[in-house]
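Novice: Handing you a structure now.
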Amino acid sequence: GDVVTLDREESHHMGTVLRGGRWPQVVLTDGRGHRFAARVTDRSRREVRLEILTRERGDEEFRNPRLVLGLALIKPRRFEWALEKAVELGAHRIVPLISEHTDRTASRGKDRRWRTIMVAAIKQCGRCLLPELDEPMPVRDFLARRPAGVTVFGAIPEEITTGPRPVSLLELPALLPADPVPENLTALIGPQGGWSAAEVGAFLDAGLQPISLGPHILRTETAAAAVLGGLQLVRGRCLGL
């Protein structure tokens, strides 16, 4: 089969993992939806070479609905934790959101670090598709060009005085069209302190569905993980998995 050479960083990582052991068969991904079974043929401190044995496409990653997470910017460490878990929980696209209660400096100079975290996460969880990562954008801009499909937003019931009542994730499947399957399932999670009244009003005016995650007030990163875990199950039901 074809022979590939890992870059220096990946070679160093694999060399550390294989130190003192055999040269096994490994699984690689290109981050674009393909998995490769490969055999290590040669290694050094700076370079690892592998022979590609088989290739397969992760078709499950490309079927609708896709999972989109709009996540308000929060303290860097907490945002990075949420980013890692979003990748592990199957998000296809992640959009950092600038809300009225967001620290606008929270994303400064973070793009490279965020992508490094995401690459590490797909390797950890065995995914073959690296999610899209948008540039941070104001909530109003995201609303103006939000993805087609169904969009929900995390809300505390007391925030919703008009419009549809917040539903639980268990109730969400009943609100989805059966045919055709939605192109995207999008969830918006607010910052510490919650959405502003104006933002909640804009969501409701745009026809977004509020969701409740139970009786307790969750941190932003906890809410993001909880919602994506639920949406992953909803997606599985849509796909008949």
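Novice: List the pairs whose first member sits in region 150-173 and is more than 15 Å from ALA206 (Cβ to Cβ), whose second member is of a type in the set (Lys, Arg) and modelled with pLDDT under 80, and whose Cβ atoms are under 8 Å apart, counting only residues at least 6 apart or on separate chains?
Specialist: Final answer for the pair search is none.
Novice: Okay, moving on. May I ask you to say which residue of VAL234, VAL150 is β-branched (Val, Ile, Thr) and touching a helix residue (DSSP H, G or I) at 6+ places or on another chain (Cβ under 7 Å)?
Specialist: Numbers: VAL150 fails: touching a helix residue (DSSP H, G or I) at 6+ places or on another chain (Cβ under 7 Å).
Being β-branched (Val, Ile, Thr) and touching a helix residue (DSSP H, G or I) at 6+ places or on another chain (Cβ under 7 Å) holds for just one of VAL234, VAL150, which is VAL234.
Novice: Let me ask something additional. So if I check each of LEU241, LEU228, LEU170, which one is in contact with a helix residue (DSSP H, G or I) (Cβ under 7 Å, 6 or more places away or on another chain) and either in a loop (DSSP other than H, G, I, E, B) or at pLDDT 90 or above (or both)?
Specialist: Working: LEU241 fails: in contact with a helix residue (DSSP H, G or I) (Cβ under 7 Å, 6 or more places away or on another chain); LEU170 fails: in contact with a helix residue (DSSP H, G or I) (Cβ under 7 Å, 6 or more places away or on another chain).
Unique residue meeting the criteria: LEU228.
Novice: Can ASP134 be described as closer than 30 Å to THR29 by Cα, surrounded by 13 or more Cβ atoms within 10 Å (Cβ to Cβ) and charged (D, E, K, R)?
Specialist: Yes.
Novice: Of the residues in region 25-83, how many are exposed (fewer than 14 other Cβ atoms within 10 Å of the Cβ) and of a type in the set (A, V, I, L, M, F, W, C)?
Specialist: So the answer is 3.
Novice: For region 138-195, what are the residues that are at positive phi and within 22 Å of the chain's Cα centre (by Cα)?
Specialist: In the first step, residues of region 138-195 are kept if they are at positive phi; the result is 149, 163, 193-194.
Once the filter is applied, which keeps residues that are at positive phi and within 22 Å of the chain's Cα centre (by Cα), region 138-195 yields GLY149, GLY194.
The values are calculated or read from the model by the stated rules, or taken from the named source; none is laboratory data. Keep in mind that this is a model prediction, so the values were computed, not measured. As a convention, Cβ positions derive from the backbone with ideal geometry for all residues, glycine included, and neighbour counts pool all protein chains shown.
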